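The values are calculated or read from the model by the stated rules, or taken from the named source; none is laboratory data. Note that the structure is predicted; figures quoted are calculated from it, not measured. FYI the Cβ positions are ideal-geometry reconstructions off the backbone, even for glycines, and counts take in every protein chain you see. Heavy atoms of the whole protein, side chains included, go into the accessibility calculation; ligands, DNA and RNA do not. Shrake-Rupley method; radii C 1.70, N 1.55, O 1.52, S 1.80 Å.
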Amino acid sequence: LYLYDTINNESQILYQDEGRIRFEFSPNGLVVFSTDWIWENNGELFVLDTGEGESGYPLVNLSQEINKLGYPLGWSDDGNYLAFASKIDEGQQQAIYIWNGTTTTDITPQNTLGIPQGFDIAWSPEGHLAFTIWFGSSNSDPRSEIYIWNGKTTTNLSQNMNAEDREPLWNANGELVF
């Protein structure tokens, strides 16, 4: 994992690993990444602060702090929340979590119409999270539904298991399309 400074034309190695790394950059200079990443595979989650004035880029093993493996999905627009996914039940399904820098919350809906296999996410300007749950495990089984997490509760917006509801997107006014 490299950090490249386009002004000074310099790069710096932040982390080396022989496996694939999945990463997401926050608006406030944090990088979260997962090691040994193969599509939707659990790895150790790490957070680095690459902000101005920081030297040495302290590495935090988030997986040790929260006792979970996973892979990052994305940061909220203000950088206060991180959405990440983790395989659970011996890899039979996935769960979606929110980390606020201190605590982790499982926002996986209960009583879904299928077994969650993957997620797509979109953060609103107000910090709400719209996400797609993929119930099929391949393109030949595209069943999916869209949910929204408002900071407290998770609500199913689409409620049609046989449809291909996906790729939610927020506009600057906080309106959601899908």
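Please go through the stretch 23-47 and pick out each residue that is β-branched (Val, Ile, Thr), at pLDDT 70 or above and more than 16 Å from Leu3 (Cβ to Cβ). So that I can check it myself, show each step before the final result.
Our first condition is that a residue be β-branched (Val, Ile, Thr); within the stretch 23-47, this holds for 31-32, 35, 38, 47.
This time we only want the ones that are at pLDDT 70 or above, so: 31-32, 35, 47.
Residue satisfying the conditions is Thr35 alone.
Taking the stretch 95-105 as the region of interest, how many residues are touching a residue at least 12 places away in the same chain (Cβ under 8 Å) and either within 12 Å of the chain's Cα centre (by Cα) or assigned to a loop (DSSP other than H, G, I, E, B) (or both)?
Taking the stretch 95-105 as the starting set, the residues that turn out to be touching a residue at least 12 places away in the same chain (Cβ under 8 Å) are 95-101, 104.
Cutting the leftovers down to either within 12 Å of the chain's Cα centre (by Cα) or assigned to a loop (DSSP other than H, G, I, E, B) (or both) gives us 95-101.
Matching residues across the stretch 95-105 total 7.
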Give the residues of the stretch 69-92 that are surrounded by fewer than 20 Cβ atoms within 10 Å (Cβ to Cβ) and in a loop (DSSP other than H, G, I, E, B), sorted by residue number. Leu69, Asp77, Asp78, Gly79, Asn80, Asp89, Glu90, Gly91, Gln92
Result of the Cβ filter at 7 Å on the stretch 1-12, keeping first residues that are closer than 15 Å to Glu24 by Cα and partners that are at pLDDT below 95 and open to solvent by 100 Å² or more (accessible area, probe 1.4 Å), at least 6 apart or interchain, is Leu1/Phe23
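Taking into account only those residues within the stretch 106-133 that are assigned to a loop (DSSP other than H, G, I, E, B) and of a type in the set (A, V, I, L, M), which is modelled with the highest pLDDT? Please lay out each step first, then the result.
Of all residues in the stretch 106-133, those assigned to a loop (DSSP other than H, G, I, E, B) come to 107-117, 124-128.
Checking the rest, the ones that are also of a type in the set (A, V, I, L, M) come to 107, 113, 115.
Details: Ile107: 95, Leu113: 74, Ile115: 82.
This residue is Ile107.
Among Ala95, Ala122, which is the only one that is over 21 Å from Gly43 (Cα atoms) and of a type in the set (A, V, I, L, M)? Outline the logic, then answer.
On the way: Ala95 fails: over 21 Å from Gly43 (Cα atoms).
Just one listed residue meets the conditions, Ala122.
Could you say whether any residue in the stretch 96-103 is in contact with a Pro (Cβ under 6 Å, 6 or more places away or on another chain) and farther than 20 Å from Gln64 by Cβ? Steps first, answer last, please.
Here is the first cut: in the stretch 96-103, the residues in contact with a Pro (Cβ under 6 Å, 6 or more places away or on another chain) are none.
No; the residues of the stretch 96-103 include none that is in contact with a Pro (Cβ under 6 Å, 6 or more places away or on another chain) and farther than 20 Å from Gln64 by Cβ.
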Would you be able to say whether some residue in the stretch 93-105 is surrounded by 15 or more Cβ atoms within 10 Å (Cβ to Cβ) and at pLDDT below 80? yes
Exactly one of these conditions fails for Ser158: (1) touching a Ser or Thr at 6+ places or on another chain (Cβ under 9 Å); (2) closer than 18 Å to Asn80 by Cα. Give me its number. (2)
